[in-house]
Protein chains: 2
Amino acid sequence: MKIIPLDAIQRVVTGPDAIDAVRKGYIAFSDGLIEQPDPLQILFKEADGSFFGDCHAKAAQGRGLPYFVIKVASGFYRNIEKRLLPNSGLVLVMSSETGHPVAVLQDDGWLTQMRTAAAGALAASIKPVLPTAALGVIGTGTQAFLQAQMITAFTGIKPVFVKGRGELESAAFAERLQTAGIDATPTTSAHEICDNAAIVVTATPSSEPVLMSDDVIGSIHIIAVGADSPGKLEIDPHLTARASLIATDSHVQCVHHGDFGAAVREGLLSEDADVSFCDVLAGKHPDLDFAGAEISMVDLTGVGVQDLAIASLVVNQLNV
Amino acid sequence: MKIIPLDAIQRVVTGPDAIDAVRKGYIAFSDGLIEQPDPLQILFKEADGSFFGDCHAKAAQGRGLPYFVIKVASGFYRNIEKRLLPNSGLVLVMSSETGHPVAVLQDDGWLTQMRTAAAGALAASIKPVLPTAALGVIGTGTQAFLQAQMITAFTGIKPVFVKGRGELESAAFAERLQTAGIDATPTTSAHEICDNAAIVVTATPSSEPVLMSDDVIGSIHIIAVGADSPGKLEIDPHLTARASLIATDSHVQCVHHGDFGAAVREGLLSEDADVSFCDVLAGKHPDLDFAGAEISMVDLTGVGVQDLAIASLVVNQLNV
């Protein structure tokens, strides 16, 4: 069994390659070639019942593929106070022939960040926008940064409007993006973001909506990334209910704990109001008019096929 | 993150320590101190739908414990034809405070074997038997060997009657046990085992019963270890239905894919016919008369608390 350290992983995974791998993975899943078991989810609660961390294992296998993958990723947001990274984890690559471990990708959660951002870029790409359109980013963490980077690079969208918890955070985040060559502007409200952007991505660990229905006057394509485990929520369920098109990466997960599910549980949407994001990418819904939709949404909770896709990219690049 | 190789793990885990750790873990679980999420289960099927392997991840955490554990174990039984070990895996130890990986126990599935055998020894210990009683073992693999070793050492039972797929396998297995100092005798049928033994343990990867109702004339305490994933079965459901006492390590898992569940699904037993094995070990069922029961059974499918218990033993012994 080989141990692949983070720097070796980062050397061989580029944004475009990650997006391409994840896109092909989603399409293979849509075509029935990949199996994903239900994830394992561990929630860490304070004595008062509030969440302070979560850890999940996601897996995927495909007939004829040499490897299957079990990915472990954790998010402990109090780590920031301790000056430790909130996200962590590793990816276990195993032989589909023998079940033996082949490699541990010691990625500290980086591959999860990359495959999640790749999904965001793909989610942005299904919304045709004008060449002058802007992107909105709510959140100021690693995932928000990667979403801004990958979406602008993949779609060609240039201006980015950002918003964090406070003005200081928003300004600092905009500066970080500017340093990375991205045309970023801090804003003071989600309303201001929606006034400026055609596409908005939410990438926070919030347990309360960061994007309210009142924030959205005109047209918007929402990419909801943060609510990936029970107890998290980013989008006002009343806003979700206004979306005429909703694509989910996993119907079951998004009903259970995604933003789509929050609207379903409040009785604002029927449980069958979504389509499969994988099917959309596979071209199986040519009738869906994302260009014309006033409000559309992609709800991403993260699925094993993304982990399989990006880990396979690493293994192939490194000839493990 | 430390990588702990198998030989270092094996140096610090003894049978008695494993049994003690697993016993305390079960009792802590019974007392509500441990949480176990639903396992992740990956099944590998041939084109005709038959299983050729499985891999699962099991996890457990406890409030106040420094670590939580995610254990990955696979069983690919065709490996034997390739002269490879059928079982494999590793144990991931993570910080309950930060979610960061602390250690990878590169155990190749050995800790899973040990904690499973420890459970068998505890399952045997709840059946009071005469000093002259014998143990029966059906199966000839690593787990069958460890069950014979741990049960005899822990309970003081001496004679062991064994049975494999054929006479050659039974004889070879008895010889292996004899070399390890165990008074083992090969038999030619499960019926012969049950005629001789007060306790029988089944530890095979079988998908069809290896112990039929007709095999049991007198009294027997059955420990069913092998049926740990869908598609596996060891005990004739009609025999399970004859048991007056059934303890399960996980009601949900044993209903879903254990031998208990096979009898429930055939309508031979009601779903509430079992008690918690953890509760039995915690002394919460002093009324249950295992000594007087004609037929009793412990159905073991394997739970995360066992993995947490044995991995914590390793981590503590090695001062990781």
(request) Using the Karplus curve 6.51 cos²θ - 1.76 cosθ + 1.60 with θ = phi - 60°, work out ³J(HN,Hα) for each residue of the range B:233-240 in order, rounded to whole Hz, and write x for Gly and Pro. (result) 7, 10, 10, 3, x, 5, 6, 3
(request) Could you compute the FRET efficiency for B:T188 and B:L130, with r as their C-beta to C-beta distance and R0 at 22 Å, rounded to 0.05? (result) 0.35
(message) List the residues, sorted by chain then number, that are 5 or more residues from A:A247 or on another chain and whose placed amide H is less than 5 Å from its amide H.
(response) A:V275, A:M297, A:V298, A:D299
(request) Have a look at B:G261, A:F145, A:I27 and report the one farthest towards the positive end of the charge dipole of the protein assembly as shown, computed about the Cα centre with Cβ charges (Lys/Arg +1, Asp/Glu -1). (result) A:F145
(message) Give the lysines reachable from B:K2 as a straight Cα distance under 17 Å; neighbours fewer than 8 places away on the same chain don't count.
(response) A:K2, B:K71
(request) Could you line up B:D17, A:D272, A:D236 from fewest to most neighbouring Cβ atoms inside 10 Å? (result) A:D272, B:D17, A:D236
(request) For A:K45, list long-range residues whose amide hydrogen, built 1.01 Å from N in the peptide plane, is under 5 Å from its own amide hydrogen. (result) A:F52
(message) Taking a ≥ b ≥ c as the square roots of the Cα gyration tensor eigenvalues, with a/c under 1.5 meaning rounded and otherwise prolate when a/b beats b/c, else oblate, which class fits the range A:1-148?
(response) oblate
(message) Under the rule a/c < 1.5 gives rounded, and otherwise a/b versus b/c splits prolate from oblate, where does chain B land using the Cα gyration tensor?
(response) rounded
(message) Classify the range A:75-150 from the C-alpha gyration tensor, please: rounded if a/c falls under 1.5, else prolate or oblate depending on whether a/b exceeds b/c.
(response) oblate
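Mind scanning A:K58/B:K82; A:K45/A:K82; A:K82/A:K163; B:K24/B:K58 and naming the pairs with a C-alpha gap bigger than 21 Å? Mind dumping the intermediate values first?
Numbers: A:K58/B:K82 29 Å; A:K45/A:K82 18 Å; A:K82/A:K163 24 Å; B:K24/B:K58 18 Å.
Going by Cα-Cα distance, A:K58/B:K82; A:K82/A:K163 fall outside the 21 Å limit.
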(message) Give the average, rounded to an integer, of partner chain Cβ atoms located within 10 angstrom of each Cβ in A:69-76.
(response) 5
(message) Tell me the mean residue ellipticity at 222 nm calculated for the protein assembly as shown from its helices only (DSSP H runs of n ≥ 4, each -39500 (n - 2.57), averaged over every residue, nearest 500).
(response) -10500 deg cm²/dmol
(message) Placing unit charges on C-beta atoms (Lys and Arg positive, Asp and Glu negative, everything else neutral), compute the dipole magnitude of the range A:119-302 about its Cα centre in debye, rounded to 20.
(response) 460
(request) Note down the nm distance, to one decimal, between modelled labels 7 Å out along Cα→Cβ at B:D20 and at B:A47. (result) 5.5
(message) About the Cα centre, and with charges only on the beta carbon of Lys, Arg (+1) and Asp, Glu (-1), how big is the dipole of chain B? Nearest 20 debye, please.
(response) 960
(request) Can you tell me the 0 to 90 degree angle between the C-alpha axis of helix A:110-125 and the longest principal axis of chain A, rounded to 10? (result) 50
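For the protein assembly as shown, give the magnitude of the charge dipole about the Cα centre (Cβ charges: +1 Lys/Arg, -1 Asp/Glu; no others), in debye to the nearest 20.
1760
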(message) In whole Hz and in residue order, list the ³J(HN,Hα) couplings for the range A:70-82 that follow from phi through the Karplus curve 6.51 cos²θ - 1.76 cosθ + 1.60, θ = phi - 60°; x for Gly and Pro.
(response) 10, 10, 10, 9, 10, x, 10, 6, 6, 4, 4, 4, 8
(request) Quickly work out the B:E97-to-A:A282 label distance, labels modelled 7 Å from Cα along the C-beta direction, and quote it in nm with one decimal. (result) 4.7
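Which of A:K232, B:K45 comes first, and how do the rest follow, when ranked by fewest Cβ neighbours within 10 Å?
Details: A:K232 21, B:K45 14.
Final ranking by Cβ density, sparse to dense: B:K45, A:K232.
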(message) Between 0 and 90 degrees, rounded to the nearest ten: what's the tilt of helix A:167-179 against the longest Cα principal axis of chain A?
(response) 60
(request) Provide, in order from the shortest bin, the percent of all Cα-Cα pairs of the range A:259-320 in each 10 Å bin, continuing until the bin that contains the maximum pair distance. (result) 17, 35, 29, 14, 5, 0
(message) Taking a point 7 Å out from Cα toward Cβ as the label site, list the nm distances between A:L33 and the same residue in every other copy, smallest first.
(response) 5.0
(request) Report the FRET efficiency, 1/(1 + (r/R0)^6), for A:R11 and A:S244, where r is their Cβ-Cβ distance and R0 is 45 Å, rounded to 0.05. (result) 0.55
(request) Calculate how steeply helix A:304-318 sits against the longest principal axis of the alpha-carbon atoms of chain A, using the helix alpha-carbon long axis, and give the answer as 0 to 90 degrees to the nearest 10. (result) 60
(request) Between copies, how far apart are the B:D287 label points? List them in nm, one decimal, shortest first, with each point 7 Å from Cα toward Cβ, please? (result) 6.0
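So what's Rg/Rh here for the protein assembly as shown, counting alpha carbon atoms and using the Kirkwood radius for Rh? Walk me through the numbers before you get to the answer.
Details: Rg = 26.9 Å, Rh = 26.1 Å.
The Rg/Rh ratio comes out at 1.03.
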(message) Apply the Karplus curve 6.51 cos²θ - 1.76 cosθ + 1.60, θ = phi - 60°, to the phi angles in the range B:48-56 and return the couplings in whole Hz, x for Gly and Pro.
(response) 7, x, 6, 7, 10, x, 8, 9, 9
(request) List the distances, in nm to one decimal, from the label point of B:E208 to the label points of the same position in every other copy, shortest first, placing each label point 7 Å from Cα along the Cα-to-Cβ direction. (result) 6.3
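Each value in this text was obtained by applying a stated rule to the coordinates, not by laboratory testing. If you're wondering where the values come from, they're calculated on a predicted model, not measured in any experiment. Neighbour counts run over all protein chains shown; Cβ positions are idealised from the backbone, glycine included.
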